[in-house]
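Input: a single structure, listed below in structure tokens.
Any read-out appearing in this document is the output of simple, stated calculations on the displayed coordinates, not a laboratory observation. Keep in mind the model is a prediction, meaning the values are calculated, not measured. Heads up, the Cβs are rebuilt from the backbone with ideal geometry, glycines too, and the neighbour counts pull from every protein chain shown.
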Amino acid sequence: MDQPGYDYHIDIPGTTIFDGKQAMKGYALNKMCYDFNRAENREGFKADEEGWMEKYGLNEGQKQAIRDRDILKMIEEGGNIYYLAKLAGIFKLSVQDVGGLQTGRTTEEFQDYLKSQA
Amino acid sequence: MATVLGGITTSHIPAVGNAIQKELYDDPYWKPFFDGYPKVHAWIKEHKPDYCINIYNDHGLGFFLDRMPTFAIGAAHEYRNEDEGWGLPSLDPFPGAPELSWHIIESMVADHFDITSCQELAVDHGFVVPMQLFWPGAPHNPDMPKTVPISANTVQHPIPTLARALEFGRALGKALRSFPEDAKIVILGTGGLSHQLDGQRAGFINKEFDQYCLENIVSNPEELTKVTRMELVEKAGAQGTEFLMWMMMRGALGDDVTEITRNYHIPISNTAAGTLLLECAA
Ligand SMILES: [Fe+2]
């Protein structure tokens, strides 16, 4: 979906505004992640990642981002962090692990960065 | 008629639930955060509210992108806390107050606020963590008030403006004060303050902007309506938009409030944690 001619947003470096465009792009990915609220769906994914992604109709870019555990790519593909957080839980990643992965820091470096802003 | 006693805000970080379960109150990491709550506990003990309006934002438990209400109000006998995908133990259900819910919905729709009413609503950490912080042992604290959850969309843009959030709160306050029962009501605004979980800017915190928000929300909330939504994302971080809940709470309190206690601490998890207790003029 494209919305030519009007920009609702300002450019904020390092930040993707999750709007209608992103929400449509990422619908299948976010729906799969939303369904991870239920333990049986988490188990289903763990047992067969490829089959599970196919079942939800993820596109190739979304599938590859998950195969690569690439959070930034998942966001680019329309993922929303609140739903992705459920997937991160399956991968046993904490919020600080996820922060580190996205910013090129180790988890410890990311925690130090948080503290440095006190 | 009912009385609005005041409002309490707090961050609602999921890790807090875990820290409560492990009783990490004196742990060096957690102490500066938990030290913000004894005055709140004392105030609640003194005033014993009968009802609590819990204004929070759902994070992908109660609502999905298939249907995303901008403003949703619970109208159920009870609210279940459910698994958010991390397999953590859920709390027992929180008792609702459907008569009050429908009174609010009637009054607010009459005042031109288009509400989504919810007879079933699973509540996530945004709702339960503040309950645990304010009423230890919740929902089994003997002073636990009956509750009406109100959720505003901060998952997907366009989110409401700060001006709309404040107006929403004003209409909510009017609804509450016209509830025909001699009852005491407290309003919670949960979430914030500055934080960002996603993108190359993950970990962003903005102390200066948080202090500006904390100062103005007490005595001059109108000033904050000048902040645009994109500015809010820029200055408070992508998830710092949860400050909208604070604005909704503030609008319901009326002009004249007294600050009872305030706490601010960086960081808890990825977040600048803020707590504020405002009492309405009698
Ligand atoms: Fe939140």
For this session: With +1 on each Lys and Arg Cβ and -1 on each Asp and Glu Cβ, and nothing else charged, work out how big the dipole of chain B is about its Cα centre, in Debye to the nearest 20.
Result: 320 debye
Exercise. Relative contact order for chain B using alpha-carbon pairs under 8 Å, separation at least 6, rounded to a whole percent?
Worked result: 31 percent
Seminar exercise, completed: Here the percent of antiparallel bridges among DSSP beta bridges lying wholly in the protein assembly as shown, to the nearest 5, is 45 percent
Problem set entry | Antiparallel DSSP beta bridges within segment B:20-154, percent to nearest 5 | 35 percent
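Under 8 Å for C-alpha pairs, at least 6 residues apart: give me the relative contact order for segment A:20-91, rounded to a whole percent. Don't skip to the answer; put the middle values down first.
Working: 59 pairs, mean separation 35.8, N = 72.
Relative contact order here is 50 percent.
Please give the FRET efficiency for A:PHE91 paired with B:GLU82, using the beta carbon to beta carbon distance and R0 = 25 Å, rounded to the nearest 0.05. Display every interim value, and only then the final one.
Numbers: r = 21 Å, r/R0 = 0.85.
Efficiency, rounded to the nearest 0.05: 0.70.
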Problem set entry | CD proxy at 222 nm, helix term only [per DSSP H run n ≥ 4: -39500 (n - 2.57); per residue of chain B; nearest 500] | -10000 deg cm²/dmol
For this session: State the number of lysine pairs found in segment B:3-280 whose Cα atoms come within less than 26 Å, restricting to pairs 8 or more positions apart or on distinct chains.
Result: 24
For this session: Using just the alpha carbons, could you tell me how many Å³ per residue the convex hull of chain B encloses?
Result: 120 Å³
Problem set entry | Sites B:HIS140 and A:GLU109 - FRET efficiency at Förster radius 41 Å, r taken between beta-carbons, to 0.05 | 0.50
Problem set entry | Calculated log₁₀ intensity ratio I(q)/I(0) where the Debye formula runs over C-alpha points of the protein assembly as shown, q = 0.11, 0.14 Å⁻¹ | -0.76, -1.27
For this session: Hey, could you grab the Kirkwood Rh for segment B:1-158? Inverse mean 1/r over distinct alpha carbon pairs, Å, one decimal.
Result: 16.5 Å
Problem set entry | Spatially proximal aspartates and glutamates relative to A:LYS31 (Cα-Cα < 12 Å; intrachain offsets below 8 disregarded) | B:ASP66
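Given a Förster distance of 30 Å, report the FRET efficiency between A:GLN117 and B:ASN18 from their Cβ-Cβ distance, rounded to the nearest 0.05. Mind showing how you got there, number by number?
Working: r = 23 Å, r/R0 = 0.76.
The value I calculate is 0.85.
Do the sum for chain A: with -39,500 (n - 2.57) for every DSSP H run of n ≥ 4, divided by all residues, what is the mean residue ellipticity at 222 nm, to the nearest 500 deg cm²/dmol?
Details: 9 runs with 73 residues, N = 118.
Value at 222 nm, helices only: -16500 deg cm²/dmol.
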Seminar exercise, completed: Rounded to the nearest 5, the percent of DSSP beta bridges in segment B:3-280 running antiparallel is 45 percent
